[in-house]
Amino acid sequence: MNAPHAPKVAGIDPPLPSPTQTADPVTPPLAAPDSGVQDRLAGWVSDLTTLHELTERLVRTDTLDEALRELLRAGASLVGARRGLVALEPADGLGPVITVGLGLGHADLGQIETIPRGSASAGHLLDGLPEPGGERRADVTHPDIASEADLDPRHREVAARLGFSASYAVPLDPFRADPRATPGLSAIPAPAPGADGSGTGTGSPAGAGDHPAPGIPGTTSVTDAPRLPETGHGRDAAPATAPSPGLTAAMGAGGPSGRLGGAAWLYDEPAEPAERQRHLVGLYCQYAAAHIARLIELSRARAAVTTVQEELLPTRLPRVPGVRLAVRHHPGPRGGGDWYDALPLPDGALGLSVGGVSGSGPSAVVAMGRLRASLRAYAVMEGEDPVAVLSDLELLLRLTEPARSATALFAYCEPGTRRVVLAGAGHCPPLLTGERRTEFVETTLSAPLGMLSCWEAPSVEVAPSSGETLLFYSDGLLHRTGEPMDRAFARLHTAAASAPKGVRGDPDAFADHVLRTVLPDGPAASVGRPSEDGTEDLVLLVAHFD
């Protein structure tokens, strides 16, 4: 006879006890994590977060000066200093050589530079002085300058005069690995245990206790901070001298090689950074050096383009009786294709030209040089006919630079009779100004060179009176105002008309007055303003007729 089934409730099978042979064993409760491990992990996370924030601020800098100042501010917060300086002196000898200070004036930096190089903190690093073991120095510490007997007397004298008692310096070397760093989180040392064996990590990158928080430079002494042991982790540790692959890739093949310079921070009281602080500032400076190396390469490229552009333009303006000249040229950061020229012609005549090639960079600069040289040749042969000069230039442009266009303005001047014949190809009209009139000379009834199958435009003749000035300029002057073109033209007209009487007779003073009025913040500051192209060149050529 079968045993009765247990009753069912609402279609749910009754619970059955698990067989003894399949019952789960009792799982013991997890052991509580060690508080020291938690402190170490918290310290690592805090340090990595701090480094991330500081490097994020660094990579937002786009000029070398901004990057160096950000490096000083971040390093001061990491080591707990209030002042510092960075000496940039790339080992390849190609420059630039720059010294930037934090909380130090030019006079203070001058006094620090009088310290013998072998005694100065940054000098040790720039010269690559070896340690007793033969390795190059990773950092230089002077915890108490006044009490160091073997220190140069001039070093102590300058320190006392400027009011700092200790210094700490690190090199700027993109390929230098921190000898105490290992892969992953272990690259940042853990907080050292206290005397009772308990963890003392606080999550602050400056260490435990009274160390300053990131981003707030302080003057607290850190001489009593615990010293941390080396952080090697057996056979899996990274070589101490191997650079990070990411840094090597970031540097690129063309960047400066070797040590870039050194950064030093100054303490008001005897002090030195703790081991943890040294790790953090060393890691930060390694990444900062890679960013600075890229900016150095960029500044060198810009300087090279600027030098080539300046060499392709006149080194000096000619002296022709009856007319006085002045020019202002401010190239854009990428190097543009704007030019100016003043060429003595037969029979005491003078040829004046301004123009610009489309595009920017080295290719535009080279194209500008070719066009300017060709225009000079055409001006010598047929300068009395500006239309013929620009027609020949347009034909040359279509044959040699079919993918480019250019604007140009050429004027044939006879200073003795004060007669000017000019023609323009899509360029801004010149401005004729004097005490009685200020007006634009209409030369815009034409297209730029290289835009049409056959360029053609009429010439215009003007007769400046004695004491009047003819102003030639590039459209970069108008674009750098950041305003629409009609307002930019009106601003230029107002600037010329409002020139004081004493300024009108001096072409150099008149050029400076126009620039100050049109661009109150200066040509360099106006590059970053919203415009069609904030990188354009600025050319201003002034011809004053006596």
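The values are calculated or read from the model by the stated rules, or taken from the named source; none is laboratory data. From a predicted model like this one, the values you see are computed outputs, not experimental measurements. Don't worry about glycine lacking a Cβ; one is built from the backbone with ideal geometry, like all the others, and counts go over all protein chains shown. Surface areas here come from the heavy atoms of the whole protein model, side chains and all, with no ligands, DNA or RNA. Shrake-Rupley method; radii C 1.70, N 1.55, O 1.52, S 1.80 Å.
For H52, H329, the ranking by accessible surface with the largest value first comes to H52, H329, using a 1.4 Å probe. Pairs of Cα atoms nearer than 8 Å and 6+ residues apart set the relative contact order; for region 271-420 it is 22 percent.
Database remark: amide H of R419 closer than 5 angstrom to the amide H of E414 (H placed geometrically; neighbours at sequence offset of 5 or more, or on other chains; Pro and chain starts carry no H).
Applying 1/(1 + (r/R0)^6) with R0 = 45 Å to the Cβ-Cβ distance of A463 and T63, what FRET efficiency is obtained, to the nearest 0.05? It would help to have the intermediate numbers written out before the result.
Numbers: r = 48 Å, r/R0 = 1.06.
The computed FRET efficiency comes out at 0.40.
Using the Cβ of S46 as centre and a radius below 14 Å, the other residues enclosed give a net charge of -1, where K and R count +1 and D and E count -1. Measuring nothing but how far apart in sequence close Cα pairs (under 8 Å, 6+ apart) lie, relative to its length, region 339-411 scores a relative contact order of 38 percent.
Counting heavy atoms of the protein chains alone, S453 has an accessible area of about 100 Å² for a 1.4 Å probe. Computed with every protein chain present, the accessible area of S299 is close to 40 Å² [probe 1.4 Å].
Take H330: with every protein chain present and a 1.4 Å probe, its accessible area is about 60 Å². Search the structure for amide H atoms under 5 Å from the amide H of R83, placed 1.01 Å from N in the peptide plane, and list their residues when 5 or more places away or on another chain. Amide H neighbours of R83, under 5 Å, 5+ apart: L266. Karplus-based coupling profile of region 161-170, in residue order and whole Hz: 5, 8, x, 10, 10, 8, 8, 9, 10, 10, with θ = phi - 60° in 6.51 cos²θ - 1.76 cosθ + 1.60 and x standing for Gly or Pro.
Does region 466-519 come out rounded, prolate or oblate by the C-alpha gyration tensor, with a ≥ b ≥ c the root eigenvalues, rounded set by a/c under 1.5 and, if not, prolate when a/b is larger than b/c and oblate if not? It is prolate, given that a/c is not under 1.5 and a/b is the larger ratio.
Put simply, the amide H of E536, placed in the peptide plane, has no neighbours under 5 Å, leaving out anything fewer than 5 places away on its chain. When both region 363-430 and region 294-322 are represented by their alpha-carbon centers, they are found 21 Å apart. Whole-Hz Karplus values for region 360-374 come out as 8, x, x, 5, 5, 5, 5, 4, 4, x, 5, 5, 4, 5, 5 Hz, taken residue by residue from phi with 6.51 cos²θ - 1.76 cosθ + 1.60 and θ = phi - 60°; glycine and proline positions read x. The simple Förster model, with R0 at 25 Å and r as the Cβ-Cβ distance, assigns D506 and R436 a FRET efficiency of 0.85. Extending 7 Å from the Cα toward the beta-carbon at both V380 and A301 defines two label points whose distance is 3.7 nm.
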